[in-house]
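Please read the structure below before turning to the comments.
The values are calculated or read from the model by the stated rules, or taken from the named source; none is laboratory data. Just so it is clear, the model here is predicted, and its values are computed rather than measured. Here the Cβ positions follow ideal geometry from the backbone for every residue, glycine too, while neighbour counts run over all protein chains shown.
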Amino acid sequence: MMRHERFNWCFGKGTDKKRFCMTFKNVSLLWAPFFAILFLFGSIACDSAMEPETNGLDREPSDHEVRYSPDDGDLTATNPPAFIWLPVEEADTYIVQYSRSESFNSDETIMVRDIDMSVYIPKEIMEPGIWYWRYGYNDGNEDLYSRTRRFEIPDTATEFPLVSVDDVITKIPDERPRLYFSPELVEEVRTDPDGRYSHLTEDVIAEAEEILAMDEPLFEEPDPWPEENYRPIYYEAWRSMRPYTQRMVTSALAYLYTGDERFAEEAKRRLMHFMSWDVEGSSSALWPTELGMNIAENATPVFDWIYDVLTEEERNKCKEVLTARMEQINRDVHRARPMEARPYSSHPGRMVGFALEGGIVLAHEAPEARDWLDYTLRLVWSTYPAWGGPEGGWHEGVSYWSGYMRRMVRVVHELDLHGVPLKDKPFFQNTGYFGLYAAYPDRPGRAFGDGHHQPLGAATGIVSYMLSNLYDNPYFRWHSEQVGAGASGRKAVRIYNPELSAEAPDDLPQSRVFNDVGIAALHSNMAEPENNVMMLFKSNPFGAISHNHASQNAFVIEAFGEPLAISSGARQTHGTPHHQEWIWHTIAHNSIHG
């Protein structure tokens, strides 16, 4: 039998527009010389078009690095744009110049020095039209600059100036609770004379009573992971741990809803146990990351919500440990990559929201919070999310869109309440349409990306519900209702809005293209899911990385809630033989393969 292998075929270097990549998997080895010749000639052609590097400036991006932005000829989606370049080994800090003058005349040029990361976002709106920019650094003797890049800010660009971290901290309230609740909201829910919130709180309170009756032993801190074959132990640990932390969250929510200190004491019992774990041990946010992320995501809000029942000693312990965990995310995960230049990794991207939540909870208690808030805000104003652009798509697919946006949109919603307009970013404005068109109601699958074999559930609708309130969008509300979702979880009370009416998307275009991730969704009758025919096409510029597959130029067809042409395979755990040897390959999808 002929042996088959996987191939990545690329012209050029990096991820900018001088690079062209195709992923070949399950290709006969007999074709290898043919692809080698194509690669050779393509590389020569691309290299001849590349400008020489000088002093580390203008180097070509590697496979995992961002491209320069705005690049030559770009039409920006935001005003001002985020200026993004690649780190220079010789530079401690950077200089940015942007100007209406190609020669950077001093009276038409803005210069900024002492920039500590390879991103700069102005805090003022810029005049629409043609601009020029360059970055550089001082080598100890003189200022050295990159080549000049020309871009245009259209009149239609979204106004999106950076909000200073000091302004953000000023807007965060001093009193507790401050994350997804306020003292006034807690009082409103506890009294609730009209029963407005009862349908949101009753199940949580009932579950909290069941948790008390369990008298559950605490989840033991795992031993350090073995150097070899750690995956089975690690997978079992984080999957077993999640219910314990979720029951901690449920108990804390029940306390907010009722004022019953029995629930607060149960949440505290669990919280203080997790505060005893070694931040640098098996629950580190460094790889493998799930246990550390679980604590960062869940212990932080619980500390905020039950603050009034903690002793001073317990409060100080929580501040110490949570600050250390947020510092670890900021210093050892995000800055160490660094995320502004190398954002293409799934778990570090998930931690962006946790760093913002930690910043809100500890803004006035931990001096370090200013630094991690400042850095993370500049990330979300620039290179976040790595997996999508202004059109709102998500490279990792529907399953990971719902999982990651469920966490991030709640933060965007919360920051908006504090006067921080992250919701103005075009990605967030448009990503609800990715849910509406690609995570369409009655879909029997979730292609493309990991989890494609699972039928569509309510998780996508939870995201749509949050987005419907954030943007007063009746189509997003229709989507959430069609999949049986509404306000739920830790942010349910905060985002609850029954006044917004749903509207079927019968007057919207029945097809939409998300060029940022190479997805085209075509529908025949969006207003009637049971009578709709859907075709989904994929030609993804990111290729087969992270939680997506080698399914370039693939398609799926679904009609009347039934699958007709599918992506095959069922992922159970990342990296299992079936996942690696079938789902990752083109042969598992409707596309041409060798």
So MET339, is it more than 12 Å from MET272 (Cα to Cα), in contact with a His (Cβ under 8 Å, 6 or more places away or on another chain) and assigned by TED's automatic domain parsing to the domain that holds TYR180
no
Output the residue which, of all residues in region 133-160 that are of a type in the set (Gly, Ala, Ser) and part of a loop (DSSP other than H, G, I, E, B), is farthest from the chain's Cα centre (by Cα).
GLY140
Which of the residues that make up region 518-528 are more than 19 Å from ALA386 (Cα to Cα) and either assigned to a strand (DSSP E or B) or at pLDDT below 95 (or both)?
ALA520, ALA521, LEU522, HIS523
For region 358-374, which positions are buried (at least 23 other Cβ atoms within 10 Å of the Cβ) and either touching an Asp or Glu at 6+ places or on another chain (Cβ under 9 Å) or not hydrophobic (A, V, I, L, M, F, W, C) (or both)?
GLY358, GLY359, ILE360, VAL361, LEU362, TRP372
Among (1) surrounded by fewer than 20 Cβ atoms within 10 Å (Cβ to Cβ); (2) in a loop (DSSP other than H, G, I, E, B), the one test that ASP416 misses
(2)
Within region 567-576, is there a residue that is within 26 Å of the chain's Cα centre (by Cα), outside any strand (DSSP E or B) and among the basic types (Lys, Arg)?
yes
Over region 66-100, the set of residues out of contact with any Asp or Glu (no Cβ under 9 Å at 6 or more places or on another chain), surrounded by 17 or more Cβ atoms within 10 Å (Cβ to Cβ) and not small (Gly, Ala, Ser) is PHE83, VAL88, VAL96, GLN97, TYR98
Do you know which residues across region 539-566 are among the hydrophobic types (A, V, I, L, M, F, W, C), in a loop (DSSP other than H, G, I, E, B) and over 26 Å from the mean Cα position of the chain (by Cα)?
PHE560, ILE566
Within region 266-323, count every residue that is buried (at least 19 other Cβ atoms within 10 Å of the Cβ), assigned to a loop (DSSP other than H, G, I, E, B) and without any contact (Cβ under 8 Å) to a residue 40 or more places away in the chain.
0
Search result, residues across region 356-387 that are closer than 23 Å to TRP305 by Cβ and of a type in the set (Asp, Glu)
GLU357, GLU365, GLU368
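Okay, residues lined up against (1) part of a helix (DSSP H, G or I); (2) closer than 30 Å to TRP287 by Cβ; (3) in contact (Cβ under 8 Å) with a residue 40 or more places away in the chain:
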| site | (1), (2), (3) |
| --- | --- |
| LEU179 | no, yes, yes |
| GLU188 | yes, no, no |
| GLU207 | yes, no, yes |
| PHE219 | no, yes, yes |
| TRP225 | no, yes, yes |
| GLU236 | yes, yes, no |
| PRO243 | yes, yes, no |
| LEU256 | yes, no, yes |
Can you tell me which of (1) in the same structural domain as ALA363 (by TED's automatic domain parsing); (2) in contact with a Pro (Cβ under 7 Å, 6 or more places away or on another chain); (3) touching a residue at least 60 places away in the same chain (Cβ under 8 Å) is the one GLU175 doesn't meet?
(3)
Is it true that ASN55 is over 29 Å from ILE583 (Cα atoms), touching a Leu at 6+ places or on another chain (Cβ under 6 Å) and either at pLDDT below 50 or surrounded by fewer than 17 Cβ atoms within 10 Å (Cβ to Cβ) (or both)?
yes
Here the qualifying pairs (Cβ atoms under 6 Å; residues six or more apart or on different chains; first in region 465-483 and buried (at least 20 other Cβ atoms within 10 Å of the Cβ); second polar (S, T, N, Q)) come out as TYR465/SER480; ASN469/ASN497; PHE476/SER464; PHE476/SER468; ARG477/SER468; HIS479/SER464; SER480/SER464
What pairs can you find where one residue is in region 531-553 and under 23 Å from TYR404 (Cβ atoms), the other is among the charged types (D, E, K, R) and surrounded by fewer than 20 Cβ atoms within 10 Å (Cβ to Cβ), and their Cβ atoms are less than 6 Å apart, with a gap of 6+ or different chains?
none
Let me spell it out: the conditions are (1) in contact with an Asp or Glu (Cβ under 7 Å, 6 or more places away or on another chain); (2) closer than 27 Å to HIS547 by Cβ, and SER284 meets all of them except one. Which number is the exception?
(1)
Say we look at region 101-118 and pick out the residues that are over 23 Å from ASN141 (Cβ atoms) and either within 34 Å of the chain's Cα centre (by Cα) or without any contact (Cβ under 8 Å) to a residue 24 or more places away in the chain (or both); which of these is surrounded by the most Cβ atoms within 10 Å (Cβ to Cβ)?
MET117
Tally of residues being surrounded by fewer than 16 Cβ atoms within 10 Å (Cβ to Cβ) and assigned to a helix (DSSP H, G or I) across region 490-517
2
